[in-house]
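Take a look at the structure set out below.
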Amino acid sequence: KQEVTQIPAALSVPEGENLVLNCSFTDSAIYNLQWFRQDPGKGLTSLLLIQSSQREQTSGRLNASLDKSSGRSTLYIAASQPGDSATYLCAVTGGTSYGKLTFGQGTILTVHP
Amino acid sequence: DVKVTQSSRYLVKRTGEKVFLECVQDMDHENMFWYRQDPGLGLRLIYFSYDVKMKEKGDIPEGYSVSREKKERFSLILESASTNQTSMYLCASRATGYSYGYTFGSGTRLTVV
C-alpha cells in the first residue's frame, strides 16, 4: 500500500527566504507526482506535475524534483512571499488502471512580512 | 485549462435530508472522483467513475451513492444526511493515461445540522 509522507508538517519563514518542502513515498511504481496548493476553505490547485520519467519541473519561482528510485520529491520555493502562505500537498498517482491518487498530510507554510 | 466546477461552495442541510452535490468538468475526461477532506484525516476517496454509468467504490463509500449519466457530470448523493457527513467535499477529474494529472474543483463545504 502506497504511503506518502511530508516533512515538515508546518513551516514559518520570513519573506524573501528560499525554502524546501519534502515528500517521500514508499512504492516507486508511480505514474507521476503532483504538488498542490490549498488555501483555507478552498479546493486544490495543481502547481506542478512531474512524470515518472522526469527529474524536475519548473514554474516561475517553483521547482519540483523527483527521485523515483529513492521515493523522494522536493518542492523548492524561491524568494518566498506572504501570498505563498498555504498548505502544500504532495500526491502520487499509480497502482491501479485509473491512477489512484495518494496524498501526503501536507505542509502548512506561513510566510510573514 | 481544465475546469472542474462544483455547483455550491457552502451548503447547510438537516439530518435525514437527501443531498445532491454536483460536479461538472469541461475537458472530456473519462475519470471523475469524489473526495472528502477532514482535519487530521486528510483526503479520502468516496467514489469514482471511469465512464458514463460506471462507478467504483473508494475507501469510504458508506452512506453515499453517485450518479454519472453524462460524461461531464458526476453527482454525489447523500441518501440520508447525518452530522458525521459534515465535511469539505472535493470533486476531481483526470484523463486516462499514465501522463495525466488530477484537476480539482473549488470544493463544497457541507454542514449537516
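Would you please name the residue that is nearest to B:Glu17 (Cα to Cα), looking only at residues in segment B:91-108 that are in a strand (DSSP E or B) and in contact with a Cys (Cβ under 9 Å, 6 or more places away or on another chain)? Spell out how you get there, then give the answer.
In the first step, residues of segment B:91-108 are kept if they are in a strand (DSSP E or B); the result is B:91-94, B:103-104, B:108.
Okay, now just the ones that are also in contact with a Cys (Cβ under 9 Å, 6 or more places away or on another chain), so B:91-93, B:104, B:108.
On the way: B:Cys91: 21, B:Ala92: 25, B:Ser93: 27, B:Phe104: 26, B:Thr108: 17 Å.
So the residue we want is B:Thr108.
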Discussion item. Being more than 7 Å from chain B (Cβ to nearest Cβ), more than 10 Å from the chain's Cα centre (by Cα) and part of a loop (DSSP other than H, G, I, E, B) is the filter here; which residues of segment A:89-109 pass it?
Written reply: A:Gly95, A:Thr96, A:Ser97
Worksheet item: Filtering segment A:50-65 down to residues that are within 13 Å of chain B (Cβ to nearest Cβ) and of a type in the set (A, V, I, L, M, F, W, C), which residue is farthest from B:Arg36 (Cα to Cα)?
Response: A:Ala64
Worksheet entry | Meets criteria (of a type in the set (Ser, Thr, Tyr) and surrounded by 14 or more Cβ atoms within 10 Å (Cβ to Cβ)) for B:Thr83 | no
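Could we say that A:Thr58 is among the polar types (S, T, N, Q), assigned to a strand (DSSP E or B) and surrounded by fewer than 18 Cβ atoms within 10 Å (Cβ to Cβ) here? Before the answer, list the steps.
Numbers: among the polar types (S, T, N, Q): yes; assigned to a strand (DSSP E or B): yes; surrounded by fewer than 18 Cβ atoms within 10 Å (Cβ to Cβ): yes.
Judged against the criteria, A:Thr58 is a match.
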Discussion item. Looking only at residues that are part of a strand (DSSP E or B) and basic (Lys, Arg) in segment B:35-73, which one is surrounded by the most Cβ atoms within 10 Å (Cβ to Cβ)?
Written reply: B:Arg36
Fill in: Flag if A:Arg37 is within 19 Å of B:Phe33 (Cβ to Cβ) and among the charged types (D, E, K, R)
yes
Discussion item. Suppose we filter segment B:68-107 for residues that are closer than 19 Å to A:Leu101 by Cβ, more than 9 Å from chain A (Cβ to nearest Cβ) and among the hydroxyl-bearing types (Ser, Thr, Tyr); how many remain?
Written reply: 3
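Answer with yes or no whether A:Leu47 is within 19 Å of B:Ser106 (Cα to Cα), in a strand (DSSP E or B), modelled with pLDDT of 95 or more and more than 9 Å from chain B (Cβ to nearest Cβ).
Numbers: within 19 Å of B:Ser106 (Cα to Cα): yes; in a strand (DSSP E or B): yes; modelled with pLDDT of 95 or more: yes; more than 9 Å from chain B (Cβ to nearest Cβ): yes.
Here the answer is yes, as A:Leu47 does meet what is asked.
The values are calculated or read from the model by the stated rules, or taken from the named source; none is laboratory data. Since the model is a prediction, treat every value here as computed from it, not as a measurement. All Cβ positions, even for glycine, are placed from backbone atoms using ideal geometry, and neighbour counts span all protein chains on display.
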